[in-house]
Amino acid sequence: MPYSRSFRCLLCGECCRGRGGIYLDREGAEAAARHLGLPFPVAERLFLEQERPGLWSVLNRPGGHCLLFRGGVCLIHPVKPPICRAWPRLRALVTDPLAFLEAAEACPGLARLDFAGFSAGYREGRLPLPPPSFKAALLARAGGGR
Ligand code: SF4
Ligand code: SF4
């Protein structure tokens, strides 16, 4: 089967469903609130949960999509969390063929690609690898959560 080499998002919304792990630091959380025209405490009440100082997660509907996924689009697209901006170019997916195959079962955009083509630039060092953990990167920026 011929595979495409360039990723194209098919806008199915599957990656916005039910997995958690969508983190924002204070700057990102405030930007999300501003983008929606909401005072920060209102945004916190509606769709954020503070996990620790300097780190918020975006909540999901139980067993379903992210609370910010509405009508097939992300309500904070221009300021969306770093992991959402990076997906599917996550470190695990560009370095681990099994993680890639697992993700491709959920993401039809990835399923059009083969691991070798998708990850070549990263494995050959031509493209910078994403951070091992976006959560850790945000915490480090926030000064270790202090
Ligand atoms: S699951 Fe893949 S194809 Fe679907 S919206 Fe997310 S990135 Fe795009
Ligand atoms: S913040 Fe936006 S892109 Fe990220 S999971 Fe929620 S709806 Fe999807």
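Some values worked out for this structure:
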| read-out | value |
| --- | --- |
| Region 76-104: number of residues that are under 19 Å from Leu36 (Cα atoms) and over 14 Å from the mean Cα position of the chain (by Cα) | 0 |
| Failed item, numbered, when Arg126 is tested on (1) in contact with a helix residue (DSSP H, G or I) (Cβ under 7 Å, 6 or more places away or on another chain); (2) in a loop (DSSP other than H, G, I, E, B) | (1) |
| Some residue of region 130-146 being more than 17 Å from Leu24 (Cβ to Cβ), open to solvent by 50 Å² or more (accessible area, probe 1.4 Å), free of Cβ contacts under 8 Å to residues at least 24 places away in the same chain and away from ligand 2 (no atom under 16 Å from the Cβ) | no |
| Hey, Ile22 over 21 Å from Ser133 (Cβ atoms) and open to solvent by less than 40 Å² (accessible area, probe 1.4 Å) or not | no |
| Selected residue (criterion: modelled with the lowest pLDDT) from residues of region 54-78 that are open to solvent by 40 Å² or more (accessible area, probe 1.4 Å) and more than 9 Å from ligand 2 (Cβ to nearest atom) | Gly63 |
| Region 83-99 - residue that is in contact (Cβ under 8 Å) with a residue 12 or more places away in the chain and over 14 Å from Cys15 (Cβ atoms) and, of those, least open to solvent (accessible area, probe 1.4 Å) | Val94 |
| Enumeration of residues in region 39-87 that are under 13 Å from Gly28 (Cα atoms), within 16 Å of ligand 1 (Cβ to nearest atom) and touching a strand residue (DSSP E or B) at 6+ places or on another chain (Cβ under 9 Å) | Val58, Ile76, Lys80, Pro81, Pro82, Ile83, Cys84 |
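The values are calculated or read from the model by the stated rules, or taken from the named source; none is laboratory data. All values reported here derive from a predicted model rather than from experimental measurement. Don't worry about glycine lacking a Cβ; one is built from the backbone with ideal geometry, like all the others, and counts go over all protein chains shown. Surface areas here come from the heavy atoms of the whole protein model, side chains and all, with no ligands, DNA or RNA. Shrake-Rupley method; radii C 1.70, N 1.55, O 1.52, S 1.80 Å.
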